[in-house]
Amino acid sequence: MKKNKVIAGLSVLALCTALATPTLATNSPNGKLYNENQVYSVKGYTDYTQMVNRLQQIEANSQGRVTLEVVGQSNQGRDIYQARVGTGEKVVLIESEIHGNESTGTEALLSILQYLGSSNSPDAQKIREEITLVTLPKMNPDASELDRRGNDMSWEEVVAAFPQLADAAGPAWNYYNNAIIQDRDYNGRPGFDVNRDFNPDLNYVPQASDFPGNSSKAGWYITPESQTVRDVYKSLQAEFGKVDVFIDLHHQGQYYVEGTDDLVTMSLSADFVPDPDTPVGAKYAQYADNYNFEFSKQLNLAAYNALQSLGENSPFNNITLYQQNLDLPGTALGSFALNGSGTVLFEVRGQSHTLGHKKKGQLVKAVETGLYGIINGVVDGSVEQLDASDYDSIPKTAYRPGI
Ligand SMILES: [Zn+2]
């Protein structure tokens, strides 16, 4: 167990290093950090065409257990796939690559789908009986093909789709245009951070007066990618009554386990909007009956415990809590938490432009292990026996070593 120390002067860290990346030392004592002058290859990761082929193979070899469905199209017309396995009453929805330069989640999902589609083991059978696993791998495929955070869409295209926005005061605040962000040039090829385009009101219709907005306000479902995920979520609500669990798979910068020199392998979080039952969360009061922070904490603990069980002093021991006390209703996690899903954020170390496919095996294993921890906890009901207050004992994240 790592030392827990209070971190003084912790700077604000937005999701996935978001818009302002804290400056990182490039020469750490242990030599583990990246060289920011070097370009790293991401060819070791599954690209869109390879993913589609792999999903089709998994479906074909699953004896009907895995069903593949095109649930929408990206702005550039790429099909967005849903792969579903299991027939249980509890629904676990997982998406990957809402940010296209965050690739490990897709690899983990493909591996899990392969296993649950083909294995006759009692464990696999039990999972298929108890839950319905719905996955949206590479849900922002245009961004994935560009190996960048934002999708591939202009404000002009948004206005063409929603003419009422012609009178808006300006483009959405999360529009990347004429800028270089995370080493990617958006000049002439703009896009939006899709993970700020969600709204807890799943029936929201864009209005000019809600633009440009900001990070503590809800998004608008102006991108086809967020619309697709929203529509899947609503269809699952209609079919099952609720989406029990929603997990979003991301990457972040390279940080440290507080009080140590150890690089974080993965951060977790259950906290994306203030609790509607608290004064600071009062603006979300209409969602108070749905919001279940305790269950989200238990789900996070199930992932954390599974990773800890891989052994002390292993990289899988270097798990921290992501920044807490956020107010991000425009994220998929924030919106779906307010709609009653237990929610979990995975933030794996290093984005593709900083780490390439180095550490791929280790990081994919971390994601897979955490996901199986959650899945198994939901399957056997043990997740609801976990003490939610233990969530606060997960080590915090630090931006410099040893603090
Ligand atoms: Zn991300």
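Computed from the coordinates by the stated procedures, all read-outs in this text should not be read as laboratory data. Not measured: the values here are computed from a predicted model. FYI the Cβ positions are ideal-geometry reconstructions off the backbone, even for glycines, and counts take in every protein chain you see.
A few remarks follow.
- On the beta carbon distance between Asp261 and Gln362, with R0 = 22 Å, the FRET formula returns roughly 0.75.
- Packing, taken as the mean count of other beta carbons within 10 Å per residue, orders the peptides 84-92, 46-54, 265-273, 138-146 from highest to lowest as 138-146, 265-273, 84-92, 46-54.
- Just checking the listed ones, Gln298, Gln385, Gln82: in the Gaussian network model of the chain with Cα springs under 10 Å, the one fluctuating most is Gln385.
- Which listed pairs, of Lys43/Lys217; Lys90/Lys138; Lys217/Lys358; Lys217/Lys360; Lys43/Lys365; Lys242/Lys360, have C-alpha distances above 28 Å, in listed order: Lys43/Lys217; Lys217/Lys358; Lys217/Lys360; Lys242/Lys360
- Antiparallel bridges, percent of DSSP beta bridges restricted to the chain (to nearest 5): 50
- Karplus-derived 3J(HN,Hα), 6.51/-1.76/1.60, for each residue of the range 103-120, Hz, glycine and proline x: 9, 5, x, 5, 4, 5, 5, 4, 5, 5, 5, 4, 5, 6, x, 10, 7, 9
- 5 angstrom amide H check on Gly191, placed H, neighbours 5+ away: Met153, Tyr176
- Once the Cα-Cα distance is subtracted from the 0.36 nm per residue extended length, the Ile181 to Glu157 segment shows a gain of 6.5 nm.
- Taking each DSSP H run with n ≥ 4 as -39500 (n - 2.57) and averaging over every residue of the chain yields -8500 deg cm²/dmol at 222 nm.
- The slack in the chain from Val280 to Glu294, taken as 0.36 nm per residue of separation less the alpha-carbon distance, amounts to 3.3 nm.
- Karplus-derived 3J(HN,Hα), 6.51/-1.76/1.60, for each residue of the range 232-239, Hz, glycine and proline x: 4, 4, 5, 5, 5, 4, 5, 7
- Backbone geometry of the range 267-278 corresponds, through the Karplus equation with coefficients 6.51, -1.76 and 1.60 at θ = phi - 60°, to 3J(HN,Hα) couplings of 10, 10, 7, 10, 10, 10, 9, x, 4, x, 8, 10 Hz, x marking Gly and Pro.
- Val70 versus Ser118: modelled label distance in nm, points set 7 Å from Cα along the beta carbon direction: 2.6
- In this calculation the C-beta distance from Gln324 to Ser382 is compared with R0 = 25 Å, giving a FRET efficiency of 0.55.
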